[in-house]
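J.: Pasting a structure below so you can have a look.
Please treat every number below as a calculation from the coordinates, not as lab data. As the structure is a prediction and not an experimental result, all values here were calculated from the model. Glycine gets a Cβ as well: all are built from the backbone with ideal geometry, and neighbour counts include every protein chain shown.
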Amino acid sequence: MNRPAKLARVMGLRDVVLLHVVAVVGVRWLLTAGRIGPSSILLWVAAVMLFFVPQGLAVLELSARMPEEGGVYVWTREAFGPFHGFICGWAYWVNNLVYYPSLIVFIGGNAAFVLGRSYLGLADDTTYQILFSLGILWLAMGLNIVGLRTGRWVQNVGGLATWLVAFILIGLGMATWLSGSGQDPLSGGSLVPELSGSNIALWSSLCFALAGLELAVVMGGEVKNPTRNLPRSILIAAPIIAAIYILGTLAILAAFPASEVNLVTGVVEAIGRMGEAMGIPVVRWAAILIVLGGLGGVGAWLAGTARIPFVIGLDRFLPAALGRIHPRWHTPYIALFVQGIGASVFILVATLGSTVEEAYLVLVDTTIIVYFIPYLYLFAALPVLRRRGAQRETMAEVSDRASEASFRVPGGTAGLAFVAIAGLATTAVSIVLSALPSDVAASPVLFVAKIVGGAGGLMAIGLVFYVSAMRRRTGRRAGT
């Protein structure tokens, strides 16, 4: 495959670790867990053991075998062929057109706290949400078009801001609990999860919150010494991510009973309540950090997922223009620009005609369904590529990489089976659970129709592109 130019390798180990943190950790998922109550701690543990650990082990081995640009798209294409590679890559890219609006709605709600309590009503103002969301989106996109030498600092600052928010929240939560001035995070409900429809559906959100370790591998062509730095970055970042989620949930529950947790502004409200009780006015600073962390998350996913249509564009399944990189900044600027336009359309659609909370949940559940399709491929590709590498039945280039892989899932055949089966089963269950109606839905039938219809429509558009590309190829062959 001939590329017009090479992408610059500018990301070191520190950059990749911070990218993992800002891409995976979202403080808004602490609110989802807090809404469940104390039993969410065991749900977090289950999600870590059945999804996060298998995900990390699978990505470690696959990234060691094939660390080049494209990540999960390349793994799927090599394991199952170009059609499945395209479906995987399309789903991985297009889900972000729905993901950005949900993330930016969360950022916008918290940004109102920066202005002061008298402006909190802006969080439910449609005009404010549209203007703020589009501004954040295009700022992040513009910085990434200029290049990762500039854009990576958006991710780095976002990663540090996320860490600071988590540390402030966890620190205040521990101090509040020890002083006895707040809620007991382990009281007010059983630690055994209640098998209600809402709790079961929310568990898929916890799994989704732990997804994203593969993002840096998608950008493997821009990582220095990727065979060494990608696996190391995951081993460093993974325990930090798990600890932030579990301890952060306990901190939220120290500030509020589960029934009072707000899904959009709950983190800054929890920090404000606990800080004020201790005479520490940190609301505005916490809101600034949440906005910076959210901006870093938008930038990270813009930068990472834009590489998918870039690679698929080079394979000629999508318009060839998506494979162009800027002659000065060495970034896939056409792919980034197209992604920004698509996300802008979804932002406009998402903020009109629904309550903020219901629209937010529709966007989140639709994102989960589409985003987890590549994870089905990821877990299925692992044993296939392991077997091919061992048997030397693939192309020489892939076999050489397989034989030089610096990491393998431990435990031999049993360990490989656990990672593949647990990952596949958890992902499939999460997809099904995401289609269940929420308690906040005014019309459960319409709620489900929006989710399933939105996810199905996005995938159908991808199929149209693929079929059109194959017809063009068939026509060219017939003409020759």
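J.: Hey, rough spin-label estimate for ARG14 and ALA449, points 7 angstrom out along Cα→Cβ, what's it come to in nanometres?
T.: Roughly 5.4 nm, to one decimal.
J.: At 7 Å along Cα-to-Cβ for each site, give me the label-to-label distance between ARG328 and ASN225 in nm.
T.: 3.3
J.: How far apart, in nm, are two points set 7 Å out from the Cα along the Cα-to-Cβ line at ALA417 and at SER259?
T.: For ALA417 paired with SER259, the spin-label model returns 4.8 nm.
J.: What percent of all Cα-Cα pairs in the range 78-130 falls into each 5 Å bin, going from 0 up to the bin containing the maximum distance?
T.: 4, 18, 18, 13, 9, 8, 8, 7, 6, 5, 2, 0
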